[in-house]
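Undergrad: I have a structure I would like to understand better, so I am pasting it below and will then ask my questions one at a time.
The values are calculated or read from the model by the stated rules, or taken from the named source; none is laboratory data. Everything numeric here is computed off the predicted structure, so don't read it as measured data. Reconstructed Cβ throughout: ideal geometry from the backbone, glycine too, with neighbour counts over all protein chains shown. We work out accessible area using only protein heavy atoms, side chains counted, and drop any ligands, DNA or RNA first. Shrake-Rupley method; radii C 1.70, N 1.55, O 1.52, S 1.80 Å.
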Amino acid sequence: MTKILLSVHVLAAILTVGPVTVAASMFPAVARRGDAAALRTLHRICRVYAALGIVVPVFGLATAGSLGVLGDAWLITSIALTAAAAGVLVLLLLPRQARVLADGPPDRSLPVWTGTFNLLWAVVTVLMIVRPGSTTGA
Ligand code: HEM
């Protein structure tokens with residue numbers, strides 16, 4: 001059972017966080033080029049895949065429950081960093097993209113928040129693999 005939960009968790013991370021990362025990273029350059037149609041598509045990818053990304057923590061928590069590691073420090077840290085990444089995405093990144101789309105002024109903080117989001121989830125991924133302090137598994 002744990003293997004199924006973990007497979008869905010990792011698959012969801014690849015298929016949802018991946019597209020958000022690529023689309024969000026392309027957004028500032030496309031905005032500078034002024035290609036409105038491409039910009040709308042990139043924003044839509046970010047929004048839709050951010051919503052689908054809820055599968056990642058849901059199955060992450062299910063995997064953790066099944067493994068009995070919910071109290072582990074590496075996991076609690078990962079949960080906090082995942083929450084921070086989601087917060088940056090939903091509260092800072094998506095609204096700023098929407099404002100640029102609505103013909104707002106160029107937003108110079110956009111690349112900074114995109115980088116912050118990418119960095120946060122990259123750290124979470126390494127934590128998931130290294131699991132510092134964990135005595136279970138390899
Ligand atoms: C609430 C957030 C999350 C929880 C509770 C969670 C939980 C877990 C758990 C329990 C495992 C199994 C570790 C083991 O085999 O002992 C795992 C593995 C993994 N998680 Fe997460 N996770 C979360 C968020 C994320 C995010 C945001 C990503 C990446 C975008 C991610 C990527 C991975 C990967 C790649 C593995 C496989 C690591 C391996 O087996 O070597 N997780 N996660």
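Undergrad: Counting only protein heavy atoms and a 1.4 Å probe, tell me what percentage of the chain's accessible area is made up of carbon and sulfur.
TA: 73 percent
Undergrad: Also, quick follow-up: Taking K and R as +1 and D and E as -1, what net charge do the other residues with C-beta under 11 Å from the C-beta of PRO106 add up to?
TA: Result for the neighbourhood of PRO106: +2.
Undergrad: Continuing with the same structure: Trypsin sites (Lys or Arg not before Pro) within region 49-118: which are DSSP loop residues with at most 11 other Cβ atoms inside 10 Å?
TA: Counting only loop positions with at most 11 other Cβ atoms within 10 Å, the trypsin sites (Lys or Arg not before Pro) in region 49-118 are ARG108.
Undergrad: Nearest 0.05, what FRET efficiency do ASP103 and TRP74 give at R0 = 35 Å with Cβ-Cβ as r?
TA: With a Förster radius of 35 Å, E is 0.20.
Undergrad: Go ahead and run the numbers for FRET between LEU11 and THR41, Cβ-Cβ distance against an R0 of 22 Å, rounding to 0.05.
TA: In this case the efficiency is close to 0.40.
Undergrad: Evaluate E = 1/(1 + (r/R0)^6) for VAL58 and THR116, where r is the Cβ-Cβ distance and R0 equals 25 Å; express this FRET efficiency to the nearest 0.05.
TA: E(calc), rounded to 0.05, equals 0.60.
Undergrad: If a paramagnetic tag sat 7 Å from the Cα of LEU67 along the Cα-Cβ line, which residues of region 1-41 would have the backbone N under 14 Å from that point?
TA: Those under the cut-off are 1-11.
Undergrad: Can you compute the radius of gyration and Dmax for the chain, using only the Cα atoms, both in Å?
TA: Considering the chain through its Cα atoms, Rg and Dmax are 16.5, 52 Å.
Undergrad: A further question follows. Might you tell me the accessible area per residue for the chain, computed with a 1.4 Å probe and given in Å²?
TA: Per-residue accessible area for the chain comes out at 58 Å².
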